[in-house]
Structures are given as structure tokens and as C-alpha cells.
1. Of (1) part of a loop (DSSP other than H, G, I, E, B); (2) at pLDDT 95 or above; (3) not hydrophobic (A, V, I, L, M, F, W, C), LYS342 satisfies all except one. Which?
2. Going through the stretch 292-311 one residue at a time, which ones are part of a helix (DSSP H, G or I), in contact with a helix residue (DSSP H, G or I) (Cβ under 7 Å, 6 or more places away or on another chain) and not hydrophobic (A, V, I, L, M, F, W, C)?
3. Looking at LEU69, LEU84, which is the one that is crowded, with 19+ Cβ neighbours inside 10 Å, within 20 Å of ILE134 (Cα to Cα) and touching a Lys or Arg at 6+ places or on another chain (Cβ under 7 Å)?
4. Restricting the search to the stretch 210-234, which residues are farther than 16 Å from GLY304 by Cα and in contact with a helix residue (DSSP H, G or I) (Cβ under 9 Å, 6 or more places away or on another chain)?
5. From the list THR362, THR357, THR368, THR398, pick out the single residue that is surrounded by 18 or more Cβ atoms within 10 Å (Cβ to Cβ), in the same structural domain as GLU191 (by TED's automatic domain parsing), within 20 Å of VAL10 (Cβ to Cβ) and among the polar types (S, T, N, Q).
6. How many residues does the stretch 261-291 contain that are under 30 Å from SER215 (Cα atoms) and either in a loop (DSSP other than H, G, I, E, B) or at pLDDT below 95 (or both)?
7. Name, by its number, the condition in (1) farther than 26 Å from VAL78 by Cα; (2) assigned to a helix (DSSP H, G or I) that does not hold for GLY354.
8. Show me the strands (runs of 3 or more DSSP E) entirely contained within the stretch 140-237 in which 2 or more residues are within 15 Å of the chain's Cα centre (by Cα), over 19 Å from GLU274 (Cβ atoms) and not assigned by TED's automatic domain parsing to the domain that holds ALA298.
Amino acid sequence: MQKNNIKAHVQELISKHSPKAVDLARDILEHPETGFREFRTAGLVHQFFDSLGLSHQDGLAITGTRADLVGAKKGPTVAIMGELDSLIVPGHPFADPNTEFAHACGHHTQIGSMLAAAAALADPDIRECLNGNIAFIAVPAEEYIELEYRQSLVKEGKLEFMGGKAELIKLGVFDDIDMAMLTHSSTNTAEGKIAYGSINNGAIAKEARFLGVQSHAGSAPHKGVNALQAAQVAFAAINANRETFQDSDSIRVHPIITHGGDVVNAVPSNVRLEMFVRGRTLEAIADADIKVERALKAGALAVGAKVELNTFAAYLPMSVNEDFFEIFRQNAEIVVGSDNVKKGSPRGSSTDMGDLTHLLPTIQPYATGCTGTVHGADFIVQDYQTAVVDPACSMALTVLDLLTEEAKGSQLVRNFHPILTKNAYLELQRGFNRHTIFDGAI
């Protein structure tokens, strides 16, 4: 079968199978689950893989799953991925009424795209044309949230890392993967229907626990040490450093209070913060982190409180693979037309796809079809053709270029120079983790 005929047939197959994939994506939307809790979502993926006759490994990093499609001839292995988890977004129209979990980042569309592509590429006629293999990987916990819950999983020995891809890397799930891709949702219509070549910030996560002395807030506040006031001073100190952040470093520091006290008539003695420190490079993140830690200690020092600081590995900055994106761009243009494919702008957000870009050829293009604000209560997928079907076609056609006779995939792998080995990556990630106690009363 000629290449153009194969691609046309794949598009026909995706059109045939996409209603089922879109229905599954809508089902996931209506039953959101946050990271390392995505048991129902993973079960739907298992059922879809079963319907295609694809064997799969389940329970990877608690809820992850991987199905493998073996091509007719030997060659490299490319992964098409989707992320399983939701956010917590009160007020979202599809938020779970009990948990407030909601898909306000479009991960349900990623799963739909991955499965639509799987349905087409698993067709026997297509499989016979493949010189290599395809892994379809549903990844848990891309959103780095609920740190307290995830720390409990680490303490129970169920995880080492609190992000999905880092844990899968450690477990060896990517050891035999040569290339990887995932298409993320976007609301930026200025970038056309599909955007390629964007970069994302890296990030580390921090937890600060201010410990004071509880006393009666009305009759004896002078006998207390107010941990909430310590946190407020820390916020002010962080803000005082913002003018020192270089624009080119794209630093973002955004803390939240997850526990602000216990009762209103007592001086708060236990206040807990979570935050990200994001930046364009690891060096910029490290510099900002020094300033943030100094600010947190200043809060404790100001009122004589203690502060316990925990820093956790999160995401590495995105590295762009121009050659891989060029192959994807050409195929996206086949699907949606050249006028609808644009070079993506830099993002201040972070993703653990950045981790993979340090280890193997990896791309994360973006697809629109959504309105509202990403991570906001108004984020809605309006057009599932654009958000699910078009990315599925673009990735599937890209796979054909990578794994057919021209050997573009093998060439891409040969030309790639990893920034980190797996062992160096794991050492780096473990090096981010640290625990510090500062006593402001001393």
C-alpha cells in the first residue's frame, strides 16, 4: 500500500472509531478523578484496549496502563500518551458534587485522542505496514496537586515520586521507548487549530508548615505565637522579591494556604502552605528557590515561630525537538490545513513531559476546540473534532512517517543526544527533595 493511501486509510479508520473514543472522553469528563486516584478512568482505558485486542500492563504507578502494538517488522518504538487525572475546580459545570474534582485542563481529550489513534493503528492492514512498535500509555498524576495525599502514598511505599511520568520512568516503563508524543488541549485560537514547538517552564514544589503557640485569641493572644501571621509575612517577603526575577527566566511563584488554623477563637498554631517555584531553566528555578526559602524563614523569624520546609522534585523545563515537531507539523497540515497549524508560543505552565524531553525525542503539541481559562471553572471543550479527532489523526499519521520504510523514526533516534541518562535523571530528581527546619525563636 502506498504511503498516501495508508494515511488516507488511517484517517478513515479514525473517523470510524472516533465516536466511541469521544464518548469515552465525555464519560471521563463526567467522572473526574485526581492523580493516583484514577481507578475508574483507567478501567475505561483497559476496556477500550481489550476491545482492540491489545494486551496491556496495568497498575503502573498505581493507576497507569500501557498497551503495546507490535508491527510487522522490527524497528523503534514510539509512544502515544494521554493523561488520566483531573484538577480540583469548584464551580466547574462538570465538577464532581462531592469532591469538586473537574477536568479543566482537557486531559479527558488526550485519552480520547490516544484511543482513537490506537483503534486505527491496530487495524491489521495498518499493522502490516509498520517497521516498529507503538506503545499507548495512559499516565497518572500530571497535575502536581494534593501534596499531603501524595506524601502519604510515598510513606506507604506505593510511590517514590509524586508525579506520574517520573514514577513511570523510575519503574522502567519508558526504558524501551524511543520516541514519545502527547497532544494537549488549548484555548488559544490565535495558534490555529494545532500548535507545535511550544516550550514550558520547569518547576519544583514546596510545602511550608508554620508552627506557633496556640492560646485564646480574645483573652490571651499575647501568650500565643501566630503561625498565620508568620505565613502572611512570608507572602509579603516573597512579593518583595518579585522585582528581582528576570523576565527572561519566566519565574512564577504561587503559594496557597491549605490549612489556616483550627478554630476562630484560638491563635493559629499550625498553618500549612503549598507552592510552585517555576522557571525557564533549572538555574533560574534554583535562584528563585533561594529567595523563596529566605522569605519563608523571614516569616517565622518575624513572630518567633518555627517553619518546616519540604521541597519536592516536580517538572523539568521543556526541551524542543525541532526535527520531531517538523514531522508532526507536516502531518497536522494534512489533517487541518496549513493555515490552521501555527508555531506555539512559550508557556509559563509546567508539565512532566519536560522530563521526557531530557531522555528521548518527545513532543507535546497543542490542539484547540476549547473555550474559557485553562484550570478555570469556565474551561469547556466545545469542539471534540478539533480537541480529540484532529490530534488523533495528526499523531497517527506522524507514527506512519516514523515507522514506515523511510525510517524517519530511526534517524530521529540516531540524531538525538539525551540531556540526561535515566540514572542521571533519577539522581537529579532525588536531589531536589530536602527537608529543613528553621526556628525563628532562637
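1. Single failed check for LYS342: (1).
2. Matches in the stretch 292-311: GLY299 only.
3. LEU69
4. HIS216
5. Result: THR398 is the single residue among THR362, THR357, THR368, THR398 that is surrounded by 18 or more Cβ atoms within 10 Å (Cβ to Cβ), in the same structural domain as GLU191 (by TED's automatic domain parsing), within 20 Å of VAL10 (Cβ to Cβ) and among the polar types (S, T, N, Q).
6. Adding up the residues that qualify gives 8.
7. With (1) farther than 26 Å from VAL78 by Cα; (2) assigned to a helix (DSSP H, G or I) applied to GLY354, the lone miss is (1).
8. Here the list reads 179-181.
The values are calculated or read from the model by the stated rules, or taken from the named source; none is laboratory data. Just so it is clear, the model here is predicted, and its values are computed rather than measured. So basically every Cβ, Gly included, is an ideal-geometry build from the backbone, and we count neighbours across all protein chains shown.
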